[in-house]
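What follows is calculated from the coordinates using simple rules that are stated; it is not laboratory data. Nothing here was measured: the structure is a model prediction, and the numbers come from that model. Cβ: placed from backbone, ideal geometry, glycine included. Neighbour counts: every protein chain shown.
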Amino acid sequence: MNDSVSHPSHYTYGKIECIDFILDKELDFPLGNAVKYIVRAGHKHSEGMSDKDKAIEDLEKAIQYIQFEIEHLNGKR
């Protein structure tokens with residue numbers, strides 16, 4: 001199933017959809033976004049970027065959201 005708004009293919013491959021995992025684990029915004037970017041790394045394509053560069057960008061975004069969570073837990077955010 002590919003619906004670019006409700007069920008994008010870069011989140012729906014595999015046995016469960018990314019959003020269902022995030023909600024089931026009751027992840028907050030930073031951790032939910034980190035999971036989202038990890039899940040789609042290597043699966044979302046972007047015009048004007050190589051697949052490798054897009055995967056790297058998504059993983060860097062995941063790291064950023066994990067850093068946000070660490071800062072929040074340390075009272076710095």
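Within the stretch 45-75, which GluC sites (Glu not before Pro) sit in a loop by DSSP and count at most 12 neighbouring Cβ atoms inside 10 Å?
Numbers: sites: Glu47, Glu57, Glu60, Glu69, Glu71; in loops: Glu47.
For GluC sites (Glu not before Pro) across the stretch 45-75 that sit outside H, G, I, E and B with at most 12 neighbouring Cβ atoms in 10 Å, the list reads Glu47.
Could you compute the net charge surrounding Asp51? Neighbours are other residues with a C-beta less than 14 Å from the C-beta of Asp51; K and R count +1, D and E count -1. Intermediate results must be reported in sequence, preceding the final value.
Numbers: positive: Arg40, Lys44, Lys52, Lys54; negative: Glu47, Asp53, Glu57, Asp58.
Value of the local net charge: 0.
What lysines sit close enough to Lys61 to cross-link, taking a C-alpha to C-alpha distance under 21 Å and skipping anything fewer than 8 places away on the same chain?
Candidates past the 8-residue exclusion: Lys25, Lys36, Lys44, Lys52, Lys76.
Filter the trypsin sites (Lys or Arg not before Pro) in the stretch 11-76 to those in DSSP coil with at most 16 other Cβ atoms within 10 Å of their Cβ, and list the result. Walk me through the numbers before you get to the answer.
Values: sites: Lys15, Lys25, Lys36, Arg40, Lys44, Lys52, Lys54, Lys61, Lys76; in loops: Lys15, Lys25, Lys44, Lys76.
Those satisfying the criteria are Lys15, Lys25, Lys76.
Taking a ≥ b ≥ c as the square roots of the eigenvalues of the Cα gyration tensor of the stretch 12-77, is the shape rounded (a/c under 1.5), prolate (a/b larger than b/c) or oblate? Mind dumping the intermediate values first?
On the way: a/c = 3.74, a/b = 1.32, b/c = 2.84.
Oblate is the answer for the stretch 12-77, as a/c is 1.5 or above yet b/c matches or exceeds a/b.
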